[in-house]
Amino acid sequence: SPPYPMVEAEYRFAHQSGRWIWLHNRGRLIDGNDGAAPRIAIGTSMDITARRESEARIGHVAQTAKDRLQSIMDAIPDLIWLKDLHGVYLACNATFERFLGARESDIVGKTDYDFLKPELADFFRAHDALALAQGGPSANEEWLDFADGSYRGLFETIKTPLRDAAGAPIGVLGVARDITRLRETQEALRERDEAYRAIVTEANDGIVLVDAQTGRFAEFNEAACAGLGYTREEFARLGIADIQADLDNDQVAEQIRRILETGRGEIET
């Protein structure tokens, strides 16, 4: 009959000293006399206790490092995720779990198409490909709806290629930061600035904003220019000292400083 295959296995045994050891066994069955059913097994055993203990220590260190990294990622309010070159999720943080409405254990091994509408999944994959093609960070802004309907916000997303020790790309790291409030604040400031400029521009009285350090005109309206007979281009090159002959720039700056400190006063002529 044909020879039986070689079999290998690792087992833990109780040593006579009372400690546990690991053995690597390698052997095969041998036919009995005249082709009878096998009755004998022959093989070797190797003590691999040191190797298994070393592997256990390395595994513990690696798991500890992974747990710490996960804790750091979960503490960051931004959405953070890792994908391989095929768009398969490798890891993510707690905020990203909220976005997709699933646990990391259910996200890992899947793609955007398992959680999102096809058009949004296509959009995400296109930016993954762009980051890989550029070989560096790729940024864009996008409105994101959380899976449970609890939040919709504007996010700035940056995707960066991940590389192995040899420099070859192995995936994409994504970080998305909520900029909704920032954009709202910027928009409010823009609207306020437009309103301020409109008031200054349309005022019948001359209005001038003076730089406290230099005494030069930082902002002014048409009425201020017309009242003194200058064009806007000419007025933009002037300061208080240029239109008040008895004052130089240092004197103007000192008077402005005194007005700012006391909250009252006027520029002397």
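The values are calculated or read from the model by the stated rules, or taken from the named source; none is laboratory data. Since the model is a prediction, treat every value here as computed from it, not as a measurement. In this analysis, Cβ positions are derived from the backbone assuming ideal geometry, glycine residues included, and neighbour counts consider all displayed protein chains. Calculation scope for accessible area: heavy atoms of the full protein, side chains included, ligands and nucleic acids excluded. Shrake-Rupley method; radii C 1.70, N 1.55, O 1.52, S 1.80 Å.
Averaged over residues, the count of other Cβ atoms within 10 Å places the peptides 104-116, 215-227 in the sequence 215-227, 104-116, highest first. Once the Cβ-Cβ distance between Leu23 and Phe123 is put in as r, and R0 is 51 Å, what FRET efficiency do you end up with, to the nearest 0.05? After rounding, the FRET efficiency stands at 0.40.
Between Arg12 and Gln70, residue separation times 0.36 nm minus the direct Cα-Cα distance comes to 17.6 nm. Simple point charges give the picture: +1 on the Cβ of Lys and Arg, -1 on the Cβ of Asp and Glu, and for the range 94-224 a dipole about the Cα centre of about 440 debye. Using a basic spin-label model with each label point 7 Å from the Cα along Cα→Cβ, how many nm lie between Leu130 and Leu85? Using points 7 Å along Cα→Cβ, the separation is 2.2 nm.
For the range 101-152, the share of accessible area belonging to carbon and sulfur comes to 53 percent (1.4 Å probe, ligands and nucleic acids excluded). Given an 8 Å cut-off on Cα distances and at least 6 residues of separation, report the relative contact order of the range 92-194 as a percent. RCO, the range 92-194: 20 percent.
Along the positive direction of the dipole of the range 113-232 (beta-carbon charges: Lys, Arg +1; Asp, Glu -1; about the Cα centre), which of Ala131, Pro118, Tyr230 reaches farthest? Selected residue: Ala131. For a straight C-alpha distance cut-off of 13 angstrom, the aspartates and glutamates reachable from Lys66 (same-chain residues fewer than eight places away being disregarded) are Asp74. Short-range pairs are left out: with C-alpha atoms under 8 Å and at least six residues apart, the relative contact order of the range 156-197 is 32 percent.
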